[in-house]
Amino acid sequence: MKNSKALLRIVLIVLFALFVAEGVRQRRSAVTGGIAGYVCLECMGFK
Amino acid sequence: MSVSSAWVSNKPMKRKKISGHKRRIVQILSLFLINGNFKTFLTGGLYKGKLKNICIPVLNCHSCPFALTACPVGMIQQFLALGLRQGFTGFLYIIGLIGLPAMFLGRFFCGWLCPFGFFQEMIFVRKFKLSFPPWLKYLKYLFLFGFVLVFPVIFTNKFGVVAPAFCKYICPAGTAEAGFWGLWAGYGGFGFVLAGKMAILAAVIFFSVRIWRFFCRACPLGLILGFFNKISLLQLRLNDRCDNCGVCGRICPMNIAVPVELSSKDCIRCGKCVDACPKKALSLSFKDSGKR
């Protein structure tokens with residue numbers, strides 16, 4: 001039980017790290033910065 | 001002095017409290033670090049720098065003029081809205097940015113770093129305390145699986161762009177941090193949607209005065225982080241000293257059945273139970289002592 005939990009932790013940490021690394025590699029800045037850097041009218045409740 | 005030697009010598013073990021001033025200082029620092037764009041007083045606009053490319057797993061609207069980072073809940077909806085072809089890697093990137101720190105700390109972010117959680121704690125008045133209606137805990141599932149994950153994929157607005165439904169119709173943090181500012185700055189007028197969101201914010205404030213961290217119990221990001229509570233490296237741990245006195249369960253502000261549910265999805269790792277335990281049987285740590 002303990003071993004399977006440890007294995008799951010390692011697998012998930014590696015998986016999430018890969019997601020982040022791939023996002024950084026593909027220059028997510030172009031997307032996240034593009035969205036989060038501008039006013040979201042929906043967030044404000046205007047649209 | 002180690003735990004085992006303290007047990008053998010039968011002397012009370014001194015331990016610094018974690019839930020008091022220490023947590024409060026971290027919360028204040030976090031508030032100003034995440035919302036540190038004070039240049040907005042001069043420029044009047046949003047921060048558009050590189051820090052907006054990352055998300056810290058806390059509820060903090062990126063349309064707030066002070067915000068330095070992106071909101072993970074907002075970004076999930078935006079990438080879902082972009083569709084599989086355009087938004088898939090971006091969606092995974094955000095999931096990674098939430099999941100990776102959550103694998104280490106679980107819902108620690110809610111209890112120690114979330115500015116909106118901190119705000120709710122500040123307005124809570126103990127003498128008006130109400131118990132949280134148990135059925136309301138199911139709201140977080142509706143918010144996460146309905147408003148955050150499904151509605152942005154299904155419904156599109158008149159421009160063919162999918163609306164971030166949770167941000168648009170529900171998020172009280174967005175209303176508090178961006179809605180009022182947007183109204184003042186002239187980004188839009190007062191309409192039904194904003195009126196509805198302001199009513200939700202007013203309700204959240206009203207109930208947060210009477211129920212500790214009212215909205216945290218319905219927060220979709222809290223639910224995502226809560227799934228990690230069972231497997232995160234930081235865990236609430238119990239040792240052999242526990243005599244089932246029940247103090248921890250009674251003091252838990254999130255109404256969790258401690259010490260039975262040590263990995264509950266609702267536990268925000270505030271550490272109040274750890275400090276309250278008269279036997280020092282509970283600890284919030286990365287290291288498994290191997291007992292129990």
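The values are calculated or read from the model by the stated rules, or taken from the named source; none is laboratory data. Model, not experiment: these values are computed from the prediction. Cβ coordinates were reconstructed from backbone atoms using ideal geometry, including for glycine residues, and neighbour counts include every protein chain displayed.
Selection over region B:205-226 of residues that are outside any loop (DSSP other than H, G, I, E, B) and touching a residue at least 40 places away in the same chain (Cβ under 8 Å) gives a count of 15. Counting only residues that are among the hydroxyl-bearing types (Ser, Thr, Tyr) and within 14 Å of chain A (Cβ to nearest Cβ), region B:187-224 holds 1 of them.
For first residues located in region B:16-29 and in contact (Cβ under 8 Å) with a residue 12 or more places away in the chain, partners that are of a type in the set (Lys, Arg) and lie 6+ apart or on another chain with Cβ distances below 7 Å form the pairs B:SER19/B:LYS272. A count restricted to region B:86-118 and to residues that are in a helix (DSSP H, G or I) and in contact (Cβ under 8 Å) with a residue 60 or more places away in the chain stands at 15. Looking across region B:171-198, the residues that are part of a helix (DSSP H, G or I) and closer than 16 Å to B:VAL58 by Cα come down to B:PRO172, B:ALA173, B:GLY174, B:THR175, B:ALA176, B:GLU177, B:ALA178.
Given (1) touching a strand residue (DSSP E or B) at 6+ places or on another chain (Cβ under 9 Å); (2) more than 14 Å from B:PHE108 (Cβ to Cβ); (3) surrounded by fewer than 23 Cβ atoms within 10 Å (Cβ to Cβ); (4) not aliphatic (A, V, I, L, M), where does B:ARG250 come up short, assuming only one miss? B:ARG250 satisfies all of (1) touching a strand residue (DSSP E or B) at 6+ places or on another chain (Cβ under 9 Å); (2) more than 14 Å from B:PHE108 (Cβ to Cβ); (3) surrounded by fewer than 23 Cβ atoms within 10 Å (Cβ to Cβ); (4) not aliphatic (A, V, I, L, M) except (1).
Of all residue pairs spaced 6 or more apart or on separate chains, those with beta-carbon atoms under 7 Å, a first member in region B:51-78 that is at the interface with chain A (Cβ under 8 Å from one of its Cβ atoms) and a second member that is among the charged types (D, E, K, R) and assigned to a loop (DSSP other than H, G, I, E, B) are B:ASN53/A:ARG28.
B:PHE227 meets each of the listed conditions (1) at pLDDT below 95; (2) surrounded by fewer than 20 Cβ atoms within 10 Å (Cβ to Cβ) apart from (1).
Can B:GLY111 be described as farther than 30 Å from B:ARG23 by Cβ and either touching a Leu at 6+ places or on another chain (Cβ under 6 Å) or not hydroxyl-bearing (Ser, Thr, Tyr) (or both)? It is false that B:GLY111 is farther than 30 Å from B:ARG23 by Cβ and either touching a Leu at 6+ places or on another chain (Cβ under 6 Å) or not hydroxyl-bearing (Ser, Thr, Tyr) (or both). When B:VAL274 is tested against the conditions (1) more than 16 Å from the chain's Cα centre (by Cα); (2) in a helix (DSSP H, G or I); (3) assigned by TED's automatic domain parsing to the domain that holds B:CYS114, the lone failure is (3).
Scanning for something free of Cβ contacts under 8 Å to residues at least 24 places away in the same chain, in contact with an Asp or Glu (Cβ under 7 Å, 6 or more places away or on another chain) and over 19 Å from B:ARG24 (Cβ atoms), does region B:260-278 turn up at least one residue? Walk me through it before giving the result.
First pass over region B:260-278, keeping only residues free of Cβ contacts under 8 Å to residues at least 24 places away in the same chain: B:260-261.
When the remaining residues are screened for being in contact with an Asp or Glu (Cβ under 7 Å, 6 or more places away or on another chain), the result is none.
Checked against the condition, which is being free of Cβ contacts under 8 Å to residues at least 24 places away in the same chain, in contact with an Asp or Glu (Cβ under 7 Å, 6 or more places away or on another chain) and over 19 Å from B:ARG24 (Cβ atoms), region B:260-278 yields no hits at all.
Checked against the criterion of being more than 14 Å from chain A (Cβ to nearest Cβ) and among the hydrophobic types (A, V, I, L, M, F, W, C), region B:86-109 contains one or more residues that satisfy it.
Taking region B:132-157 only, how many residues are surrounded by fewer than 13 Cβ atoms within 10 Å (Cβ to Cβ) and under 20 Å from the mean Cα position of the chain (by Cα)?
Of the residues in region B:132-157, the ones surrounded by fewer than 13 Cβ atoms within 10 Å (Cβ to Cβ) are B:133-135, B:138, B:141, B:154-157.
From what is left, the residues that are under 20 Å from the mean Cα position of the chain (by Cα) are B:133-135, B:138, B:141.
Count: 5.
With the condition kept exactly as written, say whether any residue in region B:228-235 is part of a loop (DSSP other than H, G, I, E, B) and either hydroxyl-bearing (Ser, Thr, Tyr) or without any contact (Cβ under 8 Å) to a residue 60 or more places away in the chain (or both).
Taking region B:228-235 and keeping what is part of a loop (DSSP other than H, G, I, E, B), we get B:231-234.
Restricting the remaining residues to those that are either hydroxyl-bearing (Ser, Thr, Tyr) or without any contact (Cβ under 8 Å) to a residue 60 or more places away in the chain (or both) gives B:232.
Yes, region B:228-235 contains a residue that is part of a loop (DSSP other than H, G, I, E, B) and either hydroxyl-bearing (Ser, Thr, Tyr) or without any contact (Cβ under 8 Å) to a residue 60 or more places away in the chain (or both).
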